[in-house]
Every structure is written in structure tokens, then in C-alpha cells.
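The structure appears right after this line, and notes come after that.
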Amino acid sequence: MNRAASPTERGSAAGSAAAQRYAARLGAERFVPGLWGWLVPVIIFVFALALRLDGLNNPHTLIFDETYYAKDAYALLQTGYELEWPSGADADWLAGDPQPTGQGSYVVHPPLGKWLIALGILPFGMAEPLGWRFSSAVAGALGALLIAFIAQRMFRSVFLGGFAGTLTAVEGHHLVMSRVALLDIFLTLFVLAAFGALLADRYSARRRLAQWAAQTPGESTGWEYGPGLMFRPWRLAAGVLLGCAVAVKLSALSFVAVFGILAVLWDLQARRALGVRRWVRAGLRHDALPAVVTVLPLAALTYLGSWIGWLLSAEGWGRSAFDPAPEGLAGLVPGALRALWNYHASATEFHTGLESGHEYASHPLTWLFMGRPVSMHYQSLSQGEEYEHTGQVCQAEACSSAIVDLANPLIWWTGAVALVVVLGLWLGRRDWRYGAILSGVLAGGAVWLLFPGRTMFFFYTISYHPFLILAITVVAALLLRAGTGPVDRQGTPRPRAAIVSAQQRNTVFVLCFTLLAVAVSVFFWPVWTAELIPYEQWQMRMWVQSWI
């Protein structure tokens, strides 16, 4: 005999149903992907890591800006701050006998990225390139893992999460930047992680609002402003991660600004959609102000913590070069912090005034067209010559070994078109996901348009690379839904068999694009990984004159 539900149980069920309705209104329904939601991203991570570790010792030399960052990482391990290196230091380094001077070096990028490179040198040493490139490879693989999770949650689809993760794993621009000891892949990882934390905060906060609304009578005065959400751990985590991004490269400040505005707009929209009467004032008071007084200081402290080695030293560049203690309250600021302020004033002047010419410099307007990728390594050999990095002998009339920071053309150019589609969709539908994707591109790419005279490079685009992948995922999501609605454009109900057929057809289209993207990556793999190939094979992959 079934027991009748008690009034308490009926009230609890009604409250739960109301909370679910409010969560649906706020776009914060729970998504439970199950076991595959974990297995697919982990498999992608392992696959991406394998691609990034394969042949990582080739070339066995310091390429491009590795000559700065790898040696800075080694110096940090020795002293906690960067050191100057004498002429011929690269040869000593490759001989396994690094000999930095004891004098602090003036560098214009914060220390965290170099500390992360140092984490690879600790277990593997600096005798092999694996040591100074290992951390970049791990960061790149973690980026593929994160984008899979983020896309899965944004589009409520394990399949689309796997799609985004796979494209990231095989994309050449991301691959190259994950196989060299430069700073930008760490910047990308922290920016993406901060974005993911803000997404988690968005869903969490909206579910809390939905729960409050379900428990608050409509005539309550609480609907004037809604609840104060107070402790928001995911938002605090985003602050730490953004602080880490800035501690890798100061250009991440644009992400702090843009993501901050984005988060405030999300909160305002949530209170408006919920039905809070004074939603603007409530959002500013209960959400924006607490974020300003908690997240920004936390990000600043995180950034400051990255300088701890320099702050505790006496010999770091500029560490003792500060004005005498000023009078008044300013005199209470420790000399180390005043020295750090002077250091940053100098670095800011350097960054904004950098106008020296470079063979591989490019303008931001050319980046989406991949007009001028950066060649990080090139070596030509004649027939019979030995390639010293691997011991191979050139069998053709002429051979080449190259590392070109060249994106997968199919993925990159599709991403450029997808961004136009996403912009149009956002203007037409105002879907928050489209605005979020565009915000990442705005912070990572458009901000450079503010400095038209500065020397810039294509590899700066790696910071908004994840958002380009998400834009492609938007198009894939639209394609998967084509012809699968319950009724067609004329309002005629679709038979179940027609819907299933359309779903299968659309899935095949997306899978074919993925396989084609993988095939293109296989084709360009040799010029991303310094393989020794016949000169004609290298030339076959240089489709545009400006790529050379």
C-alpha cells in the first residue's frame, strides 16, 4: 500500500520544481554528462600530451626566444631572480655548462612563466631540450583538456566538448606554442582556466538565485534587490587565475578588464531575468562591488607573489634602486614595493614604445588571415650532410628542417569565418555564449589595435586561440541541430525517422570536418616539429609567400 506524501514532502517537491523552473529561466539547469563526460576530455589530454612530447628534443638548440626564457628559468632556480649572461652563453648552455654572471638582468616580463619553465628543468635538467620545453607541453595538453570541459558545459554536449578538445589537440599554432619554451602558452592556459572558473561561478550563482526565488514569496520585499550571494569561490578562483595570467605577461590585463565587465553584465542580466525589481542597483551592490573588493585584490596579491624571489633578494635588477623614502604616508610603503613600482614603470615604457623592426612582425589585422606566421627554426642541408639534432642524413638533393608557427589552415580560416557568424548571431539573438566568445577575442586580439606602432607577432593570437575554437564549435552546434526540430519551416511536423536521419547526417558532417582537420595537421606536422624533409616537401607546405 503506497503511503501518501506528507505536507512537508509535498512542499519540498513543489519548492524543488519551482527552483528548477527558475534555473531554466536563468539558463542554469544542471548538466550531468556521466562517465563519458570525464573519459573524453581525459583521452584528449593524453592524446594532446603525446603529440607535444613526441620528438621534443628536436632541435637540440635554443630556438627563437628560448634563448631568453629558458636561461631566465635556470637563473630563477639559482637565485630567485633573472641574471645577465655573457656573450657566447648559448654555446655554454648547449655544452651543459651554463655560466650566468652574478649581475641581475633587466627583463620586461613578470616571472611566473619562467618559473613554470623551471619546473620542467628541475626533474629533467637543462642538458636536453625536454627539460626547458616540458612545462610548455603539459600546459598545452591541459589547455586541450580545459577547452573540452568548457565546450561540453557551454553547449551541454559531450560530443561537442570532444570536438573542441580534438581541434585544440591537433591545431598547429597551439601545438607549436606548446613545444617551445616561450611564455604565451602559459598565458593562454591561465586565461582559459579563469574563463572556465567564471563560467562555473555563473552557473553556481544562478542556481543559488533560483533556489532563493523558489523559497521567497512574490509579495516579499526581498524582491526589491534579491539576495546577496556573498561567498563565491569560483569567482575568487578566477581572480587567482587572472593574477597568474598577468604574472606571465602584462598583456593579460586586458582579460582582467574584459572578463570583469563580462561577469558584471552576467550578474545584472541574471537579476533582471529573475524578476528583481531594482536589478541594476542590486547587481552593482550585491555582485559588482563585492567582486571589486575581493577579486581584484586577490589577483593583485597573486601577481605580487610571483615576484617573491626578486622581492626577497638584494641583487635583482633595480631591487635597490628606489628614491629615498618620501615623507608622509607614502613613506610607510616598503622600499621593495617602491622599487617594484619603478621597475614596472620602466617595463611599461618599454612595452608601449617597442617599435623596432623585425622580419616576422605583423599587424593584428592580418592575424585572422594568418598573413605572417613566425619562423622559429630553419636549417637547410645538402645531400649527404648529417642533421646534427637527430643524426639523420639528408638523402635528397637538398633538405630542410623547420618550425613555423603556422596554424592549421582549415581550422584557422574556418575559425575566422565562424567569428563573423558568432558576431551576427550575438547581434541577432544576444545569446550569452556568443558574447562570451567574442569577449575573449576582444581581450586577446582587438586590444592590440590600440598600439598600431608597436612591434607585434602572430603568436600573440594564442591567447584567444581557445575562443576561436569555441566559435567553430558554435557553428558545429548549429549544424548538428539543422533539420532536427519537431516541425519544419512550414510548420509541418517532422516524422521521427526524418529527425533521426538528419541527426546522423549532421553528425557525419561534423566528424568529416574533424577528420579533415586531422589530415591537414598530419600534412603540416613536419614543419611544426622540425622533421628533416626534402626541400621540395617543405616548399609544398608554404602555400603563401608571406609564410616563408
Practice problem: Return a whole-number percent for the relative contact order of the chain, with Cα pairs under 8 Å and 6 or more residues apart as the contact set. | Solution: 17 percent
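Treating the beta-carbon of each Lys and Arg as +1 and of each Asp and Glu as -1, no other charges, what is the dipole magnitude of the chain about its Cα centre, to the nearest 20 debye? Mind showing how you got there, number by number?
Details: 38 positive and 34 negative charges, 819 e Å.
Using only the charged Cβ atoms, the result is roughly 3940 debye.
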Self-check item: Percent of alpha-carbon pairs separated by more than 13 Å within region 111-164
Solution: 62 percent
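Dipole size in debye (nearest 20) for region 421-509 around its Cα centre, Lys and Arg Cβ +1, Asp and Glu Cβ -1?
On the way: 9 positive and 2 negative charges, 49 e Å.
Roughly 240 debye, rounded to the nearest 20.
Rolling a 1.4 Å sphere over the protein heavy atoms, what is the accessible area per residue of region 391-548, to the nearest Å²?
Numbers: 7100 Å² over 158 residues.
For region 391-548, the solvent-accessible area averages 45 Å² per residue.
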Practice problem: Could you check how much of the accessible area of region 443-543 is carbon and sulfur, as a whole percent, using a 1.4 Å probe? | Solution: 67 percent
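When Rg is the radius of gyration of the Cα atoms in the chain and Rh is its Kirkwood radius, what does Rg/Rh come to? It would help to have the intermediate numbers written out before the result.
Values: Rg = 26.3 Å, Rh = 25.9 Å.
For the chain, the value is 1.02.
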Exercise. Collect residues whose amide H, placed 1.01 Å from N in the peptide plane, falls under 5 Å from the amide H of Val393; neighbours closer than 5 in sequence don't count.
Key: Tyr387
Quiz prompt | Those trypsin sites (Lys or Arg not before Pro) in region 426-507 that DSSP places in a loop and that have at most 12 other beta carbons within 10 Å | solution = Arg430, Arg489
Practice problem: Could you provide, to the nearest whole Å², the per residue accessible area of region 64-163 with probe 1.4 Å? | Solution: 35 Å²
Exercise. Can you send over the solvent-accessible area of Phe124, 1.4 Å probe, protein chains only, in Å² to the nearest 10?
Key: 90 Å²
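Mind giving me the FRET efficiency for Ala345 and Val42? R0 is 45 Å, r the Cβ-Cβ distance, nearest 0.05 is fine. Present the calculation step by step, with values, prior to reporting the outcome.
Values: r = 45 Å, r/R0 = 1.00.
The pair Ala345/Val42 has a calculated efficiency of 0.50.
Ranked highest first by the average count of other Cβ atoms within 10 Å around their residues, in what order do 42-55, 129-142 fall? Could the numbers behind the result be given before it?
On the way: 42-55: 18.4, 129-142: 23.9.
Going by the mean number of other Cβ atoms within 10 Å, highest first, we get 129-142, 42-55.
At 1.4 Å probe size, with the rest of the protein present, what percent of the exposed accessible area of region 90-184 is carbon and sulfur atoms? Each step should come with its number before you reach the end.
Details: 1660 of 2580 Å².
Heavy-atom surface of region 90-184 belonging to carbon and sulfur, 1.4 Å probe: 64 percent.
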Quiz prompt | Helix 129-155 vs. the chain, principal-axis angle (Cα, 0 to 90°, nearest 10) | solution = 20 degrees
Quiz item: Relative to the first principal axis of the alpha-carbon coordinates of the chain, what is the inclination of helix 496-528, with its axis defined by its Cα atoms, in degrees from 0 to 90 and to the nearest 10?
Solution: 10 degrees
Quiz prompt | Rounded percent of accessible protein surface that carbon and sulfur make up, region 225-277, 1.4 Å probe | solution = 76 percent
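Which of the peptides 188-196, 66-74 is most tightly packed, and how do the rest follow, going by the mean number of other Cβ atoms within 10 Å of each residue?
Details: 188-196: 25.7, 66-74: 23.7.
Result, highest mean Cβ count within 10 Å first: 188-196, 66-74.
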Exercise. On a 0 to 90° scale, report how tilted helix 432-444 is relative to the longest principal axis of the chain, with both axes built from alpha carbons and the result rounded to the nearest 10.
Key: 20 degrees
Exercise. Would you mind checking which residues have amide H under 5 Å from Leu406's amide H? H placed 1.01 Å from N; only 5 or more apart, or other chain.
Key: none
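Could you grab the relative contact order for region 129-271? Cα pairs under 8 Å, six or more apart, rounded to a whole percent. Mind dumping the intermediate values first?
On the way: 137 pairs, mean separation 35.6, N = 143.
Relative contact order comes out at 25 percent.
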Practice problem: For region 21-141, list log₁₀ I(q)/I(0) at each q in 0.20 Å⁻¹, using the Debye formula over Cα point scatterers of equal strength and ignoring solvent, two decimals each. | Solution: -1.07
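The values are calculated or read from the model by the stated rules, or taken from the named source; none is laboratory data. On a predicted model such as this, the values are computed, not experimentally measured, just so you know. Here Cβ is always computed from backbone atoms with ideal geometry, including for glycine, and neighbour counts include all displayed protein chains. What goes into the accessible areas is simple: the full protein's heavy atoms, side chains included, and nothing from ligands, DNA or RNA. Shrake-Rupley method; radii C 1.70, N 1.55, O 1.52, S 1.80 Å.
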